[in-house]
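Visitor: Got a structure here, written out as structure tokens. Questions coming.
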Amino acid sequence: MENVVRTVSSNNGGIRYYLERKQVKNLNLRICRDGRVFVSAGFDVSVFEIDEFVRRKAKYIQKAVKRFEEMARYQSQPKKYVSGETFYIQGRGLRLRVLKDDRDSVTSDGVYIILTVKEPDNTLKKQKMVQQFLDQQCKTVFGEIVEELYPVFRKYGVGVPLLHIRDMDTRWGTCLKKKGIITLNKRLLQAPRNCIEYVVMHEYCHFLYPNHSKQFYSFLSVLMPDWKERKQTLEKMPYVVYGSI
């Protein structure tokens, strides 16, 4: 079924969105990197209800669109993988240092990412090596945090989750309760560690409360009283993709 395009008015102007009818129980909102807004709704939900839903979410939508625009400006210059470029790991900017050597390797001293390569002009090779290094950092850092927070949930009968890591456009993390899987956005590595902890805690709580109910947020607040501050820090960072959980 084709999407129906609708527009609703808000205090800060009109919001144009694409309405898709599906066999779903809830109204679902999705905002793409290019600024397009999608709403999926059940066949029995009136357009009036859907318009009101979008209107209530106006501030969130406009904030998300603005964030994607900021992200696009930040990412407008692709990395060349040359000395001096900055890569963020746990909120810290590490400068890339490229050195010529007979042996290819990537290491870090906490200040620099040191890339030694046989062919300093081979951009694709350098890109692949740095990306492999960052992927390994994701596995290490995310794995540590998932393991550190797990004991809190063991007493509630939550099993040790499987950790999946992938690139996601509009989510910091997801939880598949039935399969026991927590999936984290690999670009979350760029955020400070306490922000990563917040996302992991958020997903852990979904094993007990699948929806964003009052009970969910009450439970999250007991386990992590400062989660709102961590969330705000995450959302304000210009070099981290805009997302939600």
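Visitor: Tell me the residue from ALA64, ALA72 that is loosely packed, with under 14 Cβ neighbours inside 10 Å and either among the basic types (Lys, Arg) or out of contact with any His (no Cβ under 9 Å at 6 or more places or on another chain) (or both), please. Spell out how you get there, then give the answer.
Guide: Working: ALA64 fails: loosely packed, with under 14 Cβ neighbours inside 10 Å.
Result of the check over ALA64, ALA72: ALA72.
Visitor: Here is a list: TYR88, TYR18. Which entry is aromatic (Phe, Trp, Tyr), in contact (Cβ under 8 Å) with a residue 60 or more places away in the chain and in a strand (DSSP E or B)?
Guide: The conditions single out TYR88.
Visitor: From the list LEU189, LEU115, LEU208, LEU162, which one is modelled with pLDDT of 95 or more and exposed (fewer than 14 other Cβ atoms within 10 Å of the Cβ)? Show your work before the answer.
Guide: Details: LEU189 fails: exposed (fewer than 14 other Cβ atoms within 10 Å of the Cβ); LEU115 fails: exposed (fewer than 14 other Cβ atoms within 10 Å of the Cβ); LEU208 fails: exposed (fewer than 14 other Cβ atoms within 10 Å of the Cβ).
From the options LEU189, LEU115, LEU208, LEU162, the qualifying one is LEU162.
Visitor: Answer yes if at least one residue in the range 164-178 is under 29 Å from ARG67 (Cα atoms), aromatic (Phe, Trp, Tyr) and not in a helix (DSSP H, G or I), and no otherwise.
Guide: Narrowing the range 164-178 to residues under 29 Å from ARG67 (Cα atoms): 164-176.
In the following step, the residues that additionally are aromatic (Phe, Trp, Tyr) were identified as 172.
Then keep just the ones that are not in a helix (DSSP H, G or I); that gives 172.
Within the range 164-178, one or more residues are under 29 Å from ARG67 (Cα atoms), aromatic (Phe, Trp, Tyr) and not in a helix (DSSP H, G or I).
Visitor: Follow-up. Within the range 2-13, can one find any residue that is within 22 Å of LYS66 (Cβ to Cβ), among the charged types (D, E, K, R) and surrounded by 14 or more Cβ atoms within 10 Å (Cβ to Cβ)? Write out each step before concluding.
Guide: Applying the first criterion (within 22 Å of LYS66 (Cβ to Cβ)) to the range 2-13 yields 5-13.
Checking which are among the charged types (D, E, K, R) leaves us with 6.
Remaining after also requiring surrounded by 14 or more Cβ atoms within 10 Å (Cβ to Cβ): 6.
Yes: one or more hits.
Visitor: Something else now. Could you list, in sequence order, all residues of the range 33-44 that are closer than 21 Å to HIS212 by Cβ and either surrounded by fewer than 18 Cβ atoms within 10 Å (Cβ to Cβ) or touching a Gly at 6+ places or on another chain (Cβ under 7 Å) (or both)? Working first, answer last.
Guide: Step one: of the range 33-44, the residues closer than 21 Å to HIS212 by Cβ are 37-42.
Across the range 33-44, the qualifying residues are PHE38, GLY42.
Visitor: Which of the following residues is in a helix (DSSP H, G or I), of a type in the set (Val, Ile, Thr), out of contact with any strand residue (DSSP E or B) (no Cβ under 8 Å at 6 or more places or on another chain) and touching a residue at least 12 places away in the same chain (Cβ under 8 Å): VAL152, VAL199?
Guide: On the way: VAL199 fails: out of contact with any strand residue (DSSP E or B) (no Cβ under 8 Å at 6 or more places or on another chain).
So the residue among VAL152, VAL199 that is in a helix (DSSP H, G or I), of a type in the set (Val, Ile, Thr), out of contact with any strand residue (DSSP E or B) (no Cβ under 8 Å at 6 or more places or on another chain) and touching a residue at least 12 places away in the same chain (Cβ under 8 Å) is VAL152.
Condition check ((1) more than 23 Å from the chain's Cα centre (by Cα); (2) outside the structural domain of THR140 (by TED's automatic domain parsing); (3) over 30 Å from ASN3 (Cβ atoms)) across all residues:
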| residue | (1), (2), (3) |
| --- | --- |
| CYS32 | no, yes, no |
| PHE53 | yes, yes, no |
| PHE68 | no, yes, no |
| LYS100 | yes, no, yes |
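Visitor: Looking at this structure, is ASP135 at pLDDT 95 or above and within 28 Å of THR183 (Cα to Cα)?
Guide: Details: at pLDDT 95 or above: yes; within 28 Å of THR183 (Cα to Cα): yes.
Considered against the rule, which asks whether it is at pLDDT 95 or above and within 28 Å of THR183 (Cα to Cα), ASP135 comes out as yes.
The values are calculated or read from the model by the stated rules, or taken from the named source; none is laboratory data. This is a predicted model, so every value here is computed, not measured. With ideal geometry, Cβ positions are generated from the backbone for all residues, glycine too; neighbour counts draw on all protein chains shown.
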